[in-house]
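Novice: Below are the structure tokens for one structure; questions will follow.
The values are calculated or read from the model by the stated rules, or taken from the named source; none is laboratory data. As the structure is a prediction and not an experimental result, all values here were calculated from the model. FYI the Cβ positions are ideal-geometry reconstructions off the backbone, even for glycines, and counts take in every protein chain you see. Heads up: the accessible areas ignore ligands, DNA and RNA and are worked out on the full protein's heavy atoms, side chains in. Shrake-Rupley method; radii C 1.70, N 1.55, O 1.52, S 1.80 Å.
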Amino acid sequence: MTLPIDPARIDPDDVGEKRAVLEMDHEEAIEHVRDVFTDAGFGVPVEFSPSDLLNEKVDADRDPYYVLGACNPAVADRALEVTDGKLGALFPCNVVIWEEAPGRQHVYHVSIMRIARLVGMAPDDDEMAEIVAETGELVDEAFEEL
């Protein structure tokens, strides 16, 4: 199968990539990121630790890795409407936290709204552009507070 887009040509800004490094322990970072995203207008309806699961199920010996599934309900509702429900397949907007070294956590996020537009799941119109801009502002606000 040939990919419809060349991943090497995608700029991190095209997918709304955000990164931050936190100098704190893993559990403290999870709480901090959850609080910051909640303060920025997101709920966190889903969260889990892939590292715990993989270490238990396949003896993966993974360092701490955690996923917060963040969601702004008003924006999510609009996004579902303009994509005829398709964007729900990418919900929620994940923010991941992994331990690079003890006391050093990496926080990472990409925009599902931007990715949906890139792959044709969402329309390339003014309404979706407003949704992308709004979610981008919310995520920017959260990352500024990290």
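Novice: Explain nothing, just compute: Karplus ³J(HN,Hα) = 6.51 cos²θ - 1.76 cosθ + 1.60, θ = phi - 60°, for every residue of region 8-19 in order, whole Hz, x for Gly and Pro.
Specialist: So the Karplus estimates, Gly and Pro as x, are 5, 8, 8, 6, x, 5, 4, 10, x, 5, 10, 9 Hz.
Novice: A follow-up question, please. Rank Pro123, Ala79, Thr135 by how far each Cα sits towards the positive end of the charge dipole of the chain (+1 on Lys, Arg Cβ; -1 on Asp, Glu Cβ) and give me just the farthest.
Specialist: Pro123
Novice: Separate question: Under the 0.36 nm per residue contour assumption, what length would be gained going from the current alpha-carbon distance of Glu28 and Ala101 to full extension?
Specialist: Going from the current span to full extension adds 24.9 nm.
Novice: Please report the relative contact order for region 1-67, taking Cα pairs under 8 Å with a sequence separation of at least 6, and give it as a percent rounded to a whole number.
Specialist: About 21 percent, as a whole number.
Novice: Could you tell me what % of all Cα pairs in the chain have separations over 18 Å?
Specialist: 59
Novice: When the chain is modelled as a GNM with alpha-carbon springs shorter than 10 Å, which of Val96, Val58, Val107 fluctuates the most?
Specialist: Judging by the Gaussian network model, the answer is Val58.
Novice: Averaged per residue, what accessible surface does region 20-121 expose to a 1.4 Å probe, in Å²?
Specialist: On a per-residue basis, 53 Å².
Novice: Pop out the carbon and sulfur fraction of the accessible area of the chain as a percent, whole number, probe 1.4 Å.
Specialist: Result for the chain: 49 percent of the exposed heavy-atom area is carbon or sulfur.
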